[in-house]
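The values are calculated or read from the model by the stated rules, or taken from the named source; none is laboratory data. Remember, it's a predicted structure, so these values are computed and weren't measured experimentally. Note: ideal-geometry Cβ built from the backbone for every residue, glycine included; neighbour counts use all protein chains shown. Accessible surface is based on the protein model in full, side chains and every heavy atom, while ligands, DNA and RNA are left aside. Shrake-Rupley method; radii C 1.70, N 1.55, O 1.52, S 1.80 Å.
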Amino acid sequence: MKKTIAMLSAVAVAAVMQVSAQQAIWGVPDIVSPEINSDLTVTFRLKAPGASKVQITGDFLGLPTVDMARDSTGLWTYTSDVIAPELYRYNYVVDGLTITDPANVYELRDACTVFNYFIVPGEGSELYSVADVPHGSVSKVWYDSPALGMKRRMSVYTPPGYESDGRRYPVLYLLHGMGGDEEAWLTQGRTAQILDNLIARGLVEPMIVVMPNGNASQEAAPGETHFGLVPPTIALPHTMDGAYEEAFPDIVAYVDRTFRTKADKGHRAIAGLSMGGFHSLHTSKQYPELFDYVGLFSAAINPRVEGSEVYVDREAKLKKQFAEGVKLYWIAIGSDDFLYNDNVAFRGVLDSLGLPYEYRESAGGHIWKNWRHYLAEFAQKLFR
(Lines give C-alpha, C1' and ligand atoms only; values in the text may rest on other atoms or scores of the structure.)
Protein backbone atom coordinates (compact mmCIF):
# COMPACT_ATOMS: atom_id res chain seq x y z
CA MET A 1 0.00 0.00 0.00
CA LYS A 2 2.77 2.39 0.93
CA LYS A 3 4.49 1.55 -2.34
CA THR A 4 1.30 2.32 -4.28
CA ILE A 5 0.85 5.66 -2.47
CA ALA A 6 4.48 6.56 -3.16
CA MET A 7 4.02 5.76 -6.85
CA LEU A 8 0.83 7.83 -7.02
CA SER A 9 2.61 10.72 -5.29
CA ALA A 10 5.46 10.52 -7.79
CA VAL A 11 2.98 10.54 -10.67
CA ALA A 12 1.20 13.56 -9.16
CA VAL A 13 4.47 15.46 -8.77
CA ALA A 14 5.45 14.61 -12.34
CA ALA A 15 2.06 15.82 -13.56
CA VAL A 16 2.43 19.11 -11.71
CA MET A 17 5.92 19.55 -13.11
CA GLN A 18 4.66 18.76 -16.61
CA VAL A 19 1.87 21.33 -16.34
CA SER A 20 4.34 23.90 -15.01
CA ALA A 21 6.75 23.18 -17.86
CA GLN A 22 3.96 23.39 -20.42
CA GLN A 23 2.86 26.73 -19.01
CA ALA A 24 6.42 28.04 -19.28
CA ILE A 25 6.65 26.86 -22.87
CA TRP A 26 3.17 27.86 -24.00
CA GLY A 27 2.77 31.12 -22.11
CA VAL A 28 2.06 33.99 -24.50
CA PRO A 29 2.16 37.64 -23.38
CA ASP A 30 -1.30 39.17 -23.40
CA ILE A 31 0.02 42.50 -24.66
CA VAL A 32 2.09 43.51 -27.67
CA SER A 33 5.26 45.45 -26.96
CA PRO A 34 6.93 47.02 -28.76
CA GLU A 35 4.46 47.62 -31.61
CA ILE A 36 5.91 49.34 -34.66
CA ASN A 37 3.12 51.40 -36.16
CA SER A 38 2.57 52.14 -39.84
CA ASP A 39 3.66 55.76 -39.35
CA LEU A 40 7.00 54.57 -37.84
CA THR A 41 6.07 55.54 -34.33
CA VAL A 42 6.54 52.76 -31.78
CA THR A 43 4.20 51.89 -28.90
CA PHE A 44 5.49 50.24 -25.71
CA ARG A 45 3.29 48.58 -23.10
CA LEU A 46 3.90 47.17 -19.63
CA LYS A 47 1.30 45.66 -17.29
CA ALA A 48 2.32 46.79 -13.81
CA PRO A 49 -0.80 47.61 -11.74
CA GLY A 50 1.16 47.88 -8.50
CA ALA A 51 3.71 50.40 -9.80
CA SER A 52 3.51 54.08 -8.95
CA LYS A 53 5.86 55.29 -11.68
CA VAL A 54 7.06 53.63 -14.89
CA GLN A 55 9.53 55.15 -17.34
CA ILE A 56 11.22 54.04 -20.53
CA THR A 57 14.84 54.62 -21.47
CA GLY A 58 16.45 53.91 -24.82
CA ASP A 59 18.79 55.13 -27.52
CA PHE A 60 15.87 56.39 -29.63
CA LEU A 61 14.91 58.99 -27.01
CA GLY A 62 16.25 62.49 -26.69
CA LEU A 63 16.07 62.29 -22.89
CA PRO A 64 17.54 59.71 -20.50
CA THR A 65 14.05 58.59 -19.38
CA VAL A 66 10.47 59.38 -20.39
CA ASP A 67 7.38 58.80 -18.26
CA MET A 68 4.82 56.24 -19.41
CA ALA A 69 1.07 56.77 -18.95
CA ARG A 70 -1.09 54.47 -16.78
CA ASP A 71 -4.68 53.46 -17.53
CA SER A 72 -7.30 52.23 -15.07
CA THR A 73 -6.21 48.58 -15.44
CA GLY A 74 -2.56 49.24 -14.59
CA LEU A 75 -1.35 49.10 -18.20
CA TRP A 76 1.46 51.58 -18.79
CA THR A 77 1.89 52.90 -22.35
CA TYR A 78 4.23 55.14 -24.27
CA THR A 79 4.15 55.97 -27.99
CA SER A 80 7.27 57.52 -29.46
CA ASP A 81 7.65 60.18 -32.05
CA VAL A 82 8.45 59.00 -35.58
CA ILE A 83 11.68 56.98 -35.41
CA ALA A 84 14.09 56.65 -38.31
CA PRO A 85 14.80 53.10 -39.55
CA GLU A 86 17.48 51.59 -37.32
CA LEU A 87 18.10 49.02 -34.60
CA TYR A 88 17.32 50.41 -31.15
CA ARG A 89 17.55 49.13 -27.59
CA TYR A 90 15.56 50.04 -24.49
CA ASN A 91 14.65 49.20 -20.87
CA TYR A 92 11.88 50.09 -18.47
CA VAL A 93 12.42 51.78 -15.10
CA VAL A 94 9.73 50.69 -12.63
CA ASP A 95 9.77 52.65 -9.38
CA GLY A 96 13.51 53.13 -9.83
CA LEU A 97 14.28 49.53 -10.82
CA THR A 98 15.56 48.96 -14.37
CA ILE A 99 14.01 45.89 -16.01
CA THR A 100 13.59 44.35 -19.45
CA ASP A 101 10.27 44.19 -21.28
CA PRO A 102 8.53 40.88 -20.39
CA ALA A 103 6.57 41.05 -23.66
CA ASN A 104 9.73 41.22 -25.80
CA VAL A 105 11.95 38.13 -25.95
CA TYR A 106 14.61 39.85 -28.05
CA GLU A 107 17.51 40.93 -25.84
CA LEU A 108 21.14 42.01 -26.11
CA ARG A 109 23.88 41.97 -23.50
CA ASP A 110 26.27 44.90 -23.62
CA ALA A 111 29.05 44.26 -21.09
CA CYS A 112 27.15 44.03 -17.79
CA THR A 113 23.72 45.24 -18.92
CA VAL A 114 20.86 43.50 -20.72
CA PHE A 115 18.57 45.45 -23.08
CA ASN A 116 15.58 44.66 -25.24
CA TYR A 117 15.84 45.65 -28.87
CA PHE A 118 13.69 46.25 -31.91
CA ILE A 119 14.28 47.20 -35.53
CA VAL A 120 12.34 49.93 -37.32
CA PRO A 121 12.27 48.73 -40.95
CA GLY A 122 13.28 50.84 -43.92
CA GLU A 123 16.28 52.36 -45.62
CA GLY A 124 19.08 52.46 -43.07
CA SER A 125 18.17 49.27 -41.25
CA GLU A 126 17.54 46.88 -44.14
CA LEU A 127 21.09 45.55 -43.90
CA TYR A 128 20.47 44.40 -40.32
CA SER A 129 17.46 42.26 -41.12
CA VAL A 130 17.39 38.66 -42.32
CA ALA A 131 16.48 38.82 -46.01
CA ASP A 132 15.56 36.12 -48.50
CA VAL A 133 19.12 35.75 -49.72
CA PRO A 134 21.81 33.04 -49.43
CA HIS A 135 23.13 32.90 -45.90
CA GLY A 136 26.59 32.35 -44.49
CA SER A 137 27.35 30.31 -41.40
CA VAL A 138 28.67 31.28 -37.97
CA SER A 139 30.81 28.96 -35.88
CA LYS A 140 32.27 29.33 -32.41
CA VAL A 141 35.76 27.83 -32.48
CA TRP A 142 38.47 27.29 -29.88
CA TYR A 143 42.11 27.90 -30.69
CA ASP A 144 45.34 27.52 -28.77
CA SER A 145 47.16 30.75 -27.89
CA PRO A 146 50.68 29.88 -26.71
CA ALA A 147 51.41 33.58 -26.24
CA LEU A 148 48.55 33.93 -23.73
CA GLY A 149 48.88 30.42 -22.31
CA MET A 150 45.29 29.29 -22.80
CA LYS A 151 42.66 27.94 -25.15
CA ARG A 152 40.44 30.78 -26.35
CA ARG A 153 37.21 31.11 -28.30
CA MET A 154 36.31 33.24 -31.30
CA SER A 155 33.37 33.57 -33.68
CA VAL A 156 33.88 33.00 -37.40
CA TYR A 157 31.50 33.94 -40.21
CA THR A 158 31.97 32.03 -43.46
CA PRO A 159 30.14 33.30 -46.57
CA PRO A 160 27.33 31.52 -48.44
CA GLY A 161 28.63 28.48 -50.30
CA TYR A 162 31.79 28.11 -48.22
CA GLU A 163 30.96 24.54 -47.17
CA SER A 164 30.78 23.24 -50.75
CA ASP A 165 32.56 25.52 -53.22
CA GLY A 166 36.20 24.70 -52.38
CA ARG A 167 37.27 28.32 -52.88
CA ARG A 168 39.76 30.24 -50.78
CA TYR A 169 38.63 33.52 -49.25
CA PRO A 170 40.09 36.76 -47.91
CA VAL A 171 39.70 37.43 -44.19
CA LEU A 172 38.50 40.41 -42.18
CA TYR A 173 39.53 40.34 -38.51
CA LEU A 174 36.81 42.34 -36.72
CA LEU A 175 37.50 43.43 -33.14
CA HIS A 176 35.10 44.52 -30.39
CA GLY A 177 35.27 47.30 -27.81
CA MET A 178 35.80 47.31 -24.06
CA GLY A 179 33.15 45.27 -22.29
CA GLY A 180 32.51 43.23 -25.42
CA ASP A 181 33.67 39.77 -26.38
CA GLU A 182 33.55 37.39 -29.33
CA GLU A 183 29.74 37.66 -29.43
CA ALA A 184 29.42 41.47 -29.59
CA TRP A 185 29.82 41.99 -33.34
CA LEU A 186 27.32 39.22 -34.03
CA THR A 187 24.60 40.32 -31.61
CA GLN A 188 24.87 44.10 -31.50
CA GLY A 189 26.83 44.58 -34.70
CA ARG A 190 24.59 42.28 -36.83
CA THR A 191 27.68 41.21 -38.77
CA ALA A 192 26.20 38.07 -40.30
CA GLN A 193 23.12 39.89 -41.59
CA ILE A 194 25.17 42.80 -42.95
CA LEU A 195 27.59 40.50 -44.79
CA ASP A 196 24.83 38.25 -46.13
CA ASN A 197 22.96 41.22 -47.56
CA LEU A 198 26.00 43.00 -48.99
CA ILE A 199 27.28 39.81 -50.63
CA ALA A 200 23.84 39.12 -52.13
CA ARG A 201 23.83 42.61 -53.65
CA GLY A 202 27.29 42.13 -55.10
CA LEU A 203 28.63 45.04 -53.08
CA VAL A 204 31.37 43.19 -51.22
CA GLU A 205 33.82 40.45 -52.03
CA PRO A 206 32.72 37.27 -50.22
CA MET A 207 34.97 36.97 -47.19
CA ILE A 208 35.56 35.18 -43.93
CA VAL A 209 35.02 37.41 -40.88
CA VAL A 210 36.88 36.45 -37.70
CA MET A 211 35.62 37.98 -34.44
CA PRO A 212 38.06 37.12 -31.62
CA ASN A 213 37.74 37.81 -27.93
CA GLY A 214 39.88 40.89 -27.35
CA ASN A 215 40.15 40.53 -23.58
CA ALA A 216 43.53 38.89 -23.15
CA SER A 217 42.66 37.45 -19.73
CA GLN A 218 39.46 35.76 -20.94
CA GLU A 219 39.06 32.36 -22.54
CA ALA A 220 35.66 33.34 -23.92
CA ALA A 221 32.49 35.33 -23.23
CA PRO A 222 31.14 35.25 -19.65
CA GLY A 223 29.36 31.98 -18.95
CA GLU A 224 31.14 30.19 -21.80
CA THR A 225 34.26 29.10 -19.91
CA HIS A 226 35.17 26.54 -17.25
CA PHE A 227 34.82 29.31 -14.65
CA GLY A 228 31.05 28.99 -14.97
CA LEU A 229 28.40 31.69 -14.78
CA VAL A 230 30.65 34.49 -13.56
CA PRO A 231 29.22 38.04 -13.51
CA PRO A 232 30.32 40.06 -16.55
CA THR A 233 32.66 42.98 -15.88
CA ILE A 234 34.65 45.52 -17.83
CA ALA A 235 37.33 45.56 -15.11
CA LEU A 236 39.48 42.95 -16.83
CA PRO A 237 43.29 42.79 -16.74
CA HIS A 238 45.51 42.92 -19.83
CA THR A 239 42.94 44.51 -22.15
CA MET A 240 45.18 47.31 -23.42
CA ASP A 241 48.68 46.56 -22.13
CA GLY A 242 50.16 45.04 -25.29
CA ALA A 243 49.52 41.38 -24.43
CA TYR A 244 46.66 40.96 -26.90
CA GLU A 245 48.50 42.62 -29.78
CA GLU A 246 51.60 40.51 -29.19
CA ALA A 247 49.47 37.34 -29.23
CA PHE A 248 47.53 38.19 -32.39
CA PRO A 249 49.66 36.02 -34.72
CA ASP A 250 48.29 32.99 -32.82
CA ILE A 251 44.84 33.90 -34.17
CA VAL A 252 46.03 34.41 -37.74
CA ALA A 253 47.97 31.14 -37.71
CA TYR A 254 44.95 29.18 -36.50
CA VAL A 255 42.61 30.76 -39.06
CA ASP A 256 44.97 30.10 -41.98
CA ARG A 257 45.50 26.53 -40.79
CA THR A 258 41.82 25.77 -40.20
CA PHE A 259 39.87 27.69 -42.86
CA ARG A 260 40.32 28.02 -46.61
CA THR A 261 41.93 31.45 -46.59
CA LYS A 262 44.00 33.42 -49.02
CA ALA A 263 46.87 33.46 -46.59
CA ASP A 264 48.72 36.60 -47.56
CA LYS A 265 48.79 40.24 -46.55
CA GLY A 266 46.85 41.41 -49.61
CA HIS A 267 43.88 39.34 -48.55
CA ARG A 268 43.79 40.28 -44.86
CA ALA A 269 42.07 43.22 -43.17
CA ILE A 270 41.84 44.22 -39.52
CA ALA A 271 39.30 46.64 -38.06
CA GLY A 272 37.62 47.34 -34.77
CA LEU A 273 35.58 49.72 -32.67
CA SER A 274 36.88 51.68 -29.68
CA MET A 275 39.25 49.27 -27.87
CA GLY A 276 39.12 47.10 -30.99
CA GLY A 277 40.22 50.09 -33.04
CA PHE A 278 43.09 50.55 -30.59
CA HIS A 279 44.04 46.90 -31.05
CA SER A 280 43.76 47.25 -34.84
CA LEU A 281 45.99 50.31 -34.90
CA HIS A 282 48.73 48.80 -32.76
CA THR A 283 48.56 45.22 -34.07
CA SER A 284 48.79 46.35 -37.69
CA LYS A 285 51.87 48.49 -37.07
CA GLN A 286 53.45 45.83 -34.83
CA TYR A 287 53.09 43.25 -37.61
CA PRO A 288 53.25 45.23 -40.88
CA GLU A 289 53.58 41.99 -42.85
CA LEU A 290 50.08 40.83 -41.90
CA PHE A 291 47.47 43.36 -43.10
CA ASP A 292 46.92 45.48 -46.20
CA TYR A 293 43.65 46.96 -44.91
CA VAL A 294 43.15 48.71 -41.56
CA GLY A 295 39.93 50.19 -40.17
CA LEU A 296 39.70 52.31 -37.04
CA PHE A 297 36.08 52.82 -35.90
CA SER A 298 35.84 55.39 -33.08
CA ALA A 299 39.23 54.10 -32.04
CA ALA A 300 40.96 54.61 -28.76
CA ILE A 301 44.40 55.87 -29.71
CA ASN A 302 46.65 56.38 -26.71
CA PRO A 303 48.06 53.55 -24.56
CA ARG A 304 46.95 53.35 -20.94
CA VAL A 305 50.15 51.74 -19.69
CA GLU A 306 53.85 52.26 -20.19
CA GLY A 307 56.46 49.63 -20.79
CA SER A 308 54.99 47.49 -23.55
CA GLU A 309 57.22 47.15 -26.58
CA VAL A 310 54.06 47.27 -28.72
CA TYR A 311 53.49 50.96 -28.00
CA VAL A 312 57.00 52.39 -28.27
CA ASP A 313 58.32 54.15 -31.40
CA ARG A 314 54.81 54.66 -32.78
CA GLU A 315 55.81 57.03 -35.58
CA ALA A 316 58.71 54.86 -36.72
CA LYS A 317 56.50 51.78 -36.80
CA LEU A 318 53.79 53.61 -38.73
CA LYS A 319 56.32 54.72 -41.34
CA LYS A 320 57.60 51.17 -41.68
CA GLN A 321 54.05 49.84 -41.95
CA PHE A 322 53.17 52.21 -44.79
CA ALA A 323 56.53 51.70 -46.47
CA GLU A 324 55.79 47.98 -46.66
CA GLY A 325 52.45 48.77 -48.26
CA VAL A 326 48.98 49.64 -47.00
CA LYS A 327 46.16 49.54 -49.54
CA LEU A 328 43.63 51.21 -47.22
CA TYR A 329 43.90 52.96 -43.87
CA TRP A 330 40.35 54.00 -42.95
CA ILE A 331 39.43 56.16 -39.96
CA ALA A 332 35.80 56.82 -38.97
CA ILE A 333 34.28 58.54 -35.95
CA GLY A 334 31.18 60.41 -34.83
CA SER A 335 31.38 64.17 -34.37
CA ASP A 336 30.14 63.85 -30.76
CA ASP A 337 32.35 60.90 -29.83
CA PHE A 338 34.36 61.34 -26.62
CA LEU A 339 37.40 60.05 -28.53
CA TYR A 340 37.01 62.64 -31.29
CA ASN A 341 39.92 64.89 -30.22
CA ASP A 342 42.29 61.92 -29.86
CA ASN A 343 41.43 60.92 -33.43
CA VAL A 344 42.01 64.47 -34.67
CA ALA A 345 45.44 64.41 -33.05
CA PHE A 346 46.25 61.01 -34.55
CA ARG A 347 45.27 62.20 -38.01
CA GLY A 348 47.63 65.10 -37.44
CA VAL A 349 50.43 62.63 -36.80
CA LEU A 350 49.65 60.76 -40.03
CA ASP A 351 49.52 64.06 -41.92
CA SER A 352 52.88 65.16 -40.52
CA LEU A 353 54.42 61.86 -41.64
CA GLY A 354 52.84 62.11 -45.10
CA LEU A 355 50.94 58.83 -44.61
CA PRO A 356 47.71 58.52 -46.64
CA TYR A 357 44.38 57.55 -45.13
CA GLU A 358 40.65 57.91 -45.77
CA TYR A 359 38.51 59.72 -43.21
CA ARG A 360 34.80 59.33 -42.54
CA GLU A 361 32.99 61.54 -40.03
CA SER A 362 29.37 60.93 -39.08
CA ALA A 363 26.90 62.43 -36.65
CA GLY A 364 26.46 61.00 -33.19
CA GLY A 365 28.76 59.63 -30.55
CA HIS A 366 30.24 56.35 -29.35
CA ILE A 367 27.34 54.18 -30.51
CA TRP A 368 26.58 50.91 -32.27
CA LYS A 369 24.51 52.69 -34.91
CA ASN A 370 27.70 54.26 -36.22
CA TRP A 371 29.78 51.08 -35.98
CA ARG A 372 27.28 49.00 -37.94
CA HIS A 373 27.32 51.59 -40.72
CA TYR A 374 31.12 51.78 -40.60
CA LEU A 375 31.36 48.01 -41.01
CA ALA A 376 29.08 48.10 -44.05
CA GLU A 377 31.07 50.93 -45.65
CA PHE A 378 34.50 49.52 -44.82
CA ALA A 379 33.62 46.03 -46.09
CA GLN A 380 32.75 47.46 -49.50
CA LYS A 381 36.28 48.84 -49.84
CA LEU A 382 38.10 45.57 -49.17
CA PHE A 383 39.90 43.15 -51.46
CA ARG A 384 39.00 44.96 -54.68
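With labels modelled as points extended 7 Å from the Cα through the Cβ direction, what inter-label distance (nm, one decimal) is found for T233 paired with V133?
Label at T233, label at V133, 4.1 nm between them.
When the accessible area of region 224-352 is computed with all protein chains present and a 1.4 Å probe, what percentage of it is carbon and sulfur? Please list the in-between numbers first.
Details: 2860 of 5340 Å².
That fraction is 53 percent.
What is the extension gain from R360 to T113, computed as 0.36 nm multiplied by their sequence separation minus the C-alpha to C-alpha distance, in nm to one decimal?
Taking 0.36 nm per residue and subtracting the Cα distance, the gain is 86.0 nm.
Nearest 10 degrees, 0 to 90: what angle lies between the long axis of helix 275-286 and the longest principal axis of the chain (Cα atoms)?
That helix lies at roughly 20 degrees to the long axis.
For the chain, take the longest principal axis of its alpha carbons; what is the angle in degrees between that and the long axis of helix 243-258, to the nearest 10 within 0 to 90?
The answer is roughly 80 degrees.
What shape does region 98-170 have by the C-alpha gyration tensor, where a ≥ b ≥ c are the square roots of the eigenvalues, rounded means a/c under 1.5, and otherwise prolate means a/b greater than b/c and oblate the rest?
oblate
How would S52, S33 line up by accessible area, probe 1.4 Å, largest first?
Highest to lowest solvent-accessible surface, that is S52, S33.
For F291, what is the net charge nearby, where nearby means another residue's Cβ is under 14 Å from its Cβ and Lys, Arg count +1, Asp, Glu -1?
Once positives and negatives cancel, what remains is +2.
Using θ = phi - 60° and the Karplus form 6.51 cos²θ - 1.76 cosθ + 1.60, what ³J(HN,Hα) does each residue of region 214-219 get, whole Hz, x for Gly and Pro?
My calculation for region 214-219 gives x, 9, 4, 8, 9, 6 Hz in order.
What longest range of the chain stays clear of loop-exposed GluC sites (Glu not before Pro) (DSSP non-H/G/I/E/B, at most 13 other C-beta within 10 angstrom)?
After excluding every exposed loop site, the longest remaining stretch is 124-288.
Which value, in Å² rounded to 10, gives the accessible area of T73 with a 1.4 Å probe and all protein chains present?
Only protein atoms counted, so the area is about 80 Å².
Using Cα-Cα distances under 8 Å and only pairs 6 or more residues apart, what relative contact order does region 115-185 have, in percent?
Here the relative contact order equals 23 percent.
So how much slack lies between W142 and D336, counting 0.36 nm per residue of separation and subtracting their Cα-Cα distance, in nm?
Answer, rounded to one decimal: 66.1 nm.
Roughly what % antiparallel, to the nearest 5, for the DSSP beta bridges in the chain?
Of those bridges, close to 65 percent are antiparallel.
Got the relative contact order for the chain handy, in percent, Cα pairs under 8 Å and 6 or more residues apart?
Computed over the chain, the figure is 11 percent.
Can you give the accessible area of M68, probe radius 1.4 Å, in Å² rounded to 10?
Roughly 10 Å² of M68 is accessible to a 1.4 Å probe.
With every protein chain left in place and a probe of 1.4 Å, what is the accessible surface of H366, to the nearest 10 Å²?
60
Please find, in a Gaussian network model of the chain (springs between Cα atoms separated by less than 10 Å), the residue of L108, L355, L97 whose mean-square fluctuation is greatest.
Greatest mean-square fluctuation among the candidates belongs to L97.
Pop out the Kirkwood hydrodynamic radius of region 230-372 from its pairwise C-alpha distances, inverse of mean 1/r, in Å to one decimal.
Its Kirkwood hydrodynamic radius stands at 15.9 Å.
Specify the angular offset, from 0 to 90 degrees and rounded to the nearest 10, of the alpha carbon long axis of helix 340-353 from the longest principal axis of the alpha carbons in the chain.
Compared with the principal axis, the helix lies near 20 degrees.
Given a Förster distance of 41 angstrom, what is the FRET efficiency for D264 paired with N37, based on the Cβ-Cβ distance and rounded to 0.05?
So the FRET efficiency works out to roughly 0.20.
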